[in-house]
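Below is one structure; the comments refer to it alone.
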Amino acid sequence: MHTYRLKGASGSVANEVFELRQRTVVGRADDCDLRLDDDGCAPRHCTIELRDDGVLELKHIAEEPGFGTVLNGQPVTSAALARGDEVRIGAARWVVQAPGLRPERVLTETAVRRRNSLTPWLVGLALAAAAALAVSWQQGWLAQIGLAG
């Protein structure tokens, strides 16, 4: 079984890490497992539960109107979570993590592949052009004072 965590990405939870339990209740109430002091968060806002089939499930449970749970930019009432998913509750944004595993949606092979850079080639070209100009200027100067052969 993987140990899932939420890592704060913005708001008052930025850079905080919370290890998820088998069932984690998120909300503003004192008895919540993950307590958020945020007016955009209901007293008992949502749950995150690791089901017996290994699926990590997010459920919006707030009964009060005006509170929403957002997964990857879309409001949800219930959804499966995966590594790299973004959960937003009020002003807080969290990223789902599984320690030791690369987030599938964030660090894809394309994203981490080293790109060929033109910078070294352009720097070399600029240096060669500067050297050629310096030599040309020096030869012209030597010809003016009569020392060029």
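The values are calculated or read from the model by the stated rules, or taken from the named source; none is laboratory data. Bear in mind the structure is a predicted one, so any value in this text is a computation, not a measurement. Positions of Cβ are backbone-derived with ideal geometry, glycine not excepted, and every protein chain shown enters the neighbour counts. SASA here: full protein model, heavy atoms, side chains in, ligands and nucleic acids out. Shrake-Rupley method; radii C 1.70, N 1.55, O 1.52, S 1.80 Å.
Expressed in nm to one decimal, what extension gain is obtained for the pair Ala129 and Ser12 from 0.36 nm per residue of sequence separation less their Cα-Cα distance?
On the way: separation 117, 0.36 × 117 = 42.12 nm, distance 5.22 nm.
Taking Ala129 through Ser12 to full extension adds about 36.9 nm, to one decimal.
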Please give the solvent-accessible surface of Ile61 in Å², to the nearest 10, using a probe radius of 1.4 Å with every protein chain present. 60 Å²
Under the rule of at least 5 residues apart or a separate chain, name every residue whose amide H is placed under 5 Å from the amide H of Gly40. Ala91
Can you give the extra length, in nm with one decimal, that the chain gains between Ala91 and Asp31 once fully stretched, where that is 0.36 nm per residue apart less the Cα-Cα distance? 19.5 nm
Would you tally the net charge around Phe67, using a Cβ to Cβ cut-off of less than 12 Å, leaving Phe67 out, and scoring K and R as +1, D and E as -1? -1
Tensor-based shape of the stretch 12-101 (alpha-carbon gyration tensor, a/c under 1.5 rounded, otherwise prolate or oblate): rounded
